[in-house]
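The structure appears right after this line, and notes come after that.
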Amino acid sequence: MAEKQLESTVAAGAFQKQWFGDLRRNVFDERLPYALIQADVPFELFDLLGIPAISNQWWSAIISAKRLAPPFFDAMARDGLPDGLCRYCSLGMAATRYREAGAAPWGGLPKPSLLCARLTCDCIQPVFALWAEAFGSELFVIDNPGASDLPPRWWELTRHDWRKLVEPHRLQFSIQSLERLVAKLESISGRQLDRNALAEKLERVNRQEEIFDATRKLISAAPLTPVRMTEQIANVMATQWVRGSDWALAHARQFHDEVAARVAGGVAVCPDERIRLMWVGAGMWHDTDFYAAFEQSHGAVFVWSMYLAFGPDGYIRYGLEDPMAALASRTASFNEYLHNPPWASEWIVHQAREHRIDAALVLRPASAKPSASGRLFIETALEEAGIPVLPVESDMVDSRAWNPEAARAAVRQFLDSRVLQ
Amino acid sequence: MGSTAITALHSAFSDTFNVLGQDSRYDRNVVVASWPSVPVEVIRAAGFTPVLACSGAGATPAADEVLEAGVFPERIRQLMQAALTGRLNHVAAIVLPRTSDTDYKAYLYLQELRRRGRLASLPPVVLFDLLQSQGQDIAVYDSARVQDLLVRLAGLGDKQVGAADLSVQIESGNAARAAARRLAALRRNPVRVAGAGMLPLLGARWTMPPGRYAELAGDALQALAGRAARTGPRVLLAGTPVDSTVLHVAIESMDATVVDEVSPYGIDVAGGDIDTAADPCAALATWYGTHSITARTPVATLIRRFEQSLADIDAAFIVLPTDDARFGWDYPRLRDLLDARGIVHAAISGDPAADHAPIQAVLARSRGVQAVRHG
């Protein structure tokens, strides 16, 4: 595994492990509630009602990064679940339903008080239904209306004009859905949601994402990339899962300051940087070394992934007189921002230009149908913008069909033939 | 008269989408929907003829350039192919429901292709944002979406449309549903019609004017009711809902009969009647939200529907094509239910016309079970 170049990355990893250990102790020893939720469910509501929440995608990435996933996927296959079904959203479920098949990280998940998912992709409902059944826990679903009006350059509207981003009927429905969720969480926690505290929380999330925005600008403007993409992700996501907390704000600041010091000192990931790469799609968690594999041979550095950039562009909401509406406006269109035309391709091309990207690698996961769709529009838009694209056929968390050497050879050939030409 | 009715019903099921693009005067009165979770009553009330996109055997080279491989079902590929080759240029509108990810993404793709200038002549594309989870907020939301669809479609024509028009369509639609239920009864105890013949008779309900459908279905019923009972294994199709008879033909070439399929083109075309006493938009929203078989039908609803089909079944096939993202998750539950009842079964993921072996194996086992049961 590539060495960690930033102290904040080490601190982020240690925090997550400690946080998870504390959560297990609290659940087992103190019988306190916790929730298992999809990444796009508003964590803020759970936090304010004293119910810590674990992200399905985070847990899936942890299992995969620790190379513990294959036995669970094999168990799914033995149970008759087709190989073509989404792996990313189901690995956590598999580690519970087939717990005897392998070892989950850090002792595994305790039984949650609630599972909660937005019905973005068609697979979410059946996967979470199986997961809830395996735990014997309740499932709360939030339906997901489709967007019919997608104004251009969404990232310029999210902060101040967020009401223009979501059609009124869809926004109203999303608010009602979150209110139903609040009622459910209140019944679990025995507390009442403090609306002023919600506004304060969202203010703090804004502060955190503003720091990420400043960090993004440091990285994009620096002559040479100061921090590896994998370390950007580790710092950002550890913070996002507990966003708006004291630790999150302090850590975002620590990460920013460390990046700023590296930029000021002229410290680069790869002093011989010649090619600036972007990674389009979710992380390939089972082989994160892949992202540092072309630094020595080609001076090729991954500068950008969606994880740092999406925080400031997707989360910041100014004008918090109605905090639930602001929160609903963020929640309502996650998939459209990141996967669907025209929003995803338009934003990614914009980000590529901002970061002076020379070439893009686009993840093509065969099993994750939502992530697999929309990518042809993204690839076409990047190519039309003069940015060569290499599709990478891989799953985010399932390494069983992944050939690391062949994949690296394909990238080297791509860099030689299409980028260094 | 009966054979004429059967021919007309089969044609209404098989040909309505394929003939688009041949006569612009006919096309102007057509609204194309990608799945029958779009209320045909609304389309008719607005003065248009509903036509449903469907799977076909034709190649889809233009669609394959813009749709990712292994993600979109055949019916969406055919719809996109027709749009990209100009066959839908003269229809009044294309309506895509939110009831699967691929339908929703097809809506976004069509809009984007238009924005990029590749579909400059495409008619209006409308998203019908029907949600299928449960709750009062869902019912209110869906009812408003039905109203919105009616307003949008009515705005495309010169017809003044109101609630009374919807009520008329609901009432005549209920009569057609009743006729479909009578036809579907020929599939059980005894089985008088092969599934490959029955599916089009039922599926035509979506696209044919309801009064005409009820009349022809009645004629077909008379012609078919006297047929000799079919013997051999009785088969259920579940998993990804079928919208063609390809699998029926393959199964029935081996002396079995498909007597039910969990699909909006089978008996689910009829379902229960739509409430005529309620507000028509709310009644349609309730019916389509709860009865539509889609990728977003709640798990419990699908399983319940499946369980209702298991009486008098000898074998089942779970259809799981490679583009499936949803129905495969139910496989362990369906398998356990079938095993508990001693019903032989198999998953079908490839082309049934090309590979008969898994079908043959299951049907052979089901005949063995039948022989033991009946001495």
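The values are calculated or read from the model by the stated rules, or taken from the named source; none is laboratory data. Here the structure is a predicted model, which means the values were calculated and not measured. Cβ sites come from the backbone with ideal geometry, for glycine too, and all protein chains shown count toward neighbours.
Quick notes on this structure:
- Look at (1) touching a Ser or Thr at 6+ places or on another chain (Cβ under 6 Å); (2) within 12 Å of chain B (Cβ to nearest Cβ); (3) farther than 27 Å from B:V126 by Cβ and you find that A:D143 fails only one, number (3).
- The residue that is nearest to the other protein chains (Cβ to nearest Cβ), counting only those in segment A:80-117 that are on the phi > 0 side of the Ramachandran plot and part of a loop (DSSP other than H, G, I, E, B), is A:G80.
- For segment B:336-360, filtering for residues that are at pLDDT 95 or above and either away from every other protein chain (no Cβ under 14 Å) or in a loop (DSSP other than H, G, I, E, B) (or both) leaves 5.
- Unique match (being under 19 Å from A:L139 (Cα atoms) and buried (at least 17 other Cβ atoms within 10 Å of the Cβ)) among A:L32, A:L45, A:L23: A:L45
- Candidate set: segment A:163-203, residues that are of a type in the set (A, V, I, L, M, F, W, C) and not in a helix (DSSP H, G or I); chosen: the one farthest from the chain's Cα centre (by Cα): A:L193
- Residues that are facing chain A (nearest Cβ under 9 Å) and touching a strand residue (DSSP E or B) at 6+ places or on another chain (Cβ under 6 Å) within segment B:319-330 comprise B:L320, B:F327, listed in sequence order.
- Residues satisfying the stated conditions in segment B:21-47, i.e. under 19 Å from the mean Cα position of the chain (by Cα) and of a type in the set (A, V, I, L, M, F, W, C): B:V30, B:V31, B:V32, B:A33, B:W35, B:V38, B:V40, B:V42, B:I43
- Complete set of residues in segment A:77-111 that are of a type in the set (D, E) and free of Cβ contacts under 8 Å to residues at least 60 places away in the same chain: A:D79, A:E100
- Some residue of segment B:91-98 being in contact (Cβ under 8 Å) with a residue 40 or more places away in the chain, facing chain A (nearest Cβ under 10 Å) and under 23 Å from A:S177 (Cα atoms): yes
Okay, residues lined up against (1) crowded, with 24+ Cβ neighbours inside 10 Å; (2) more than 14 Å from chain A (Cβ to nearest Cβ):
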residue	(1), (2)
B:G56	no, yes
B:F72	yes, no
B:A82	yes, yes
B:P124	no, no
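- Within segment A:359-375, the residues that satisfy the criterion of being modelled with pLDDT under 95 and more than 20 Å from A:S417 (Cβ to Cβ) are A:P365, A:A366, A:S367, A:A368, A:K369, A:P370, A:S371, A:A372, A:S373, A:G374, A:R375.
- Options B:R305, B:R333: the member that is outside any strand (DSSP E or B), of a type in the set (K, R) and closer than 16 Å to A:G80 by Cβ: B:R333
- Considering segment B:87-109, the residues that are small (G, A, S) and more than 19 Å from A:D122 (Cβ to Cβ) include one that is surrounded by the fewest Cβ atoms within 10 Å (Cβ to Cβ), namely B:A92.
- Selection within segment A:161-190: residues that are in contact with a strand residue (DSSP E or B) (Cβ under 9 Å, 6 or more places away or on another chain) and of a type in the set (A, V, I, L, M). The member of this set that is farthest from the other protein chains (Cβ to nearest Cβ) is A:I188.
- Restricting B:T301, B:T257 to those that are within 14 Å of chain A (Cβ to nearest Cβ) and either under 26 Å from B:T207 (Cβ atoms) or at pLDDT 95 or above (or both) reduces the list to B:T301.
- For segment A:100-119, a residue qualifies if it is buried (at least 20 other Cβ atoms within 10 Å of the Cβ) and over 19 Å from A:F28 (Cα atoms), and the qualifying residues are A:C116, A:A117, A:R118, A:L119.
- Whichever residue in segment B:110-120 is under 19 Å from B:V31 (Cβ atoms) and within 11 Å of chain A (Cβ to nearest Cβ) and, among such residues, is surrounded by the most Cβ atoms within 10 Å (Cβ to Cβ): B:L110
- Qualifying residue in segment A:70-79 (condition: in a helix (DSSP H, G or I), aliphatic (A, V, I, L, M) and closer than 23 Å to A:W19 by Cα): no
- Scope segment A:342-395; condition among the β-branched types (V, I, T), touching a residue at least 60 places away in the same chain (Cβ under 8 Å) and either part of a helix (DSSP H, G or I) or within 11 Å of another protein chain (Cβ to nearest Cβ) (or both); matching residues: A:I348, A:I378
- Selection count where residues are outside any helix (DSSP H, G or I) and surrounded by 13 or more Cβ atoms within 10 Å (Cβ to Cβ), scope segment A:1-20: 4
- Residue in segment B:276-284 that is among the polar types (S, T, N, Q) and at pLDDT 95 or above present: yes
- Flag if B:A270 is modelled with pLDDT under 95, over 30 Å from B:V71 (Cβ atoms) and of a type in the set (A, V, I, L, M): yes
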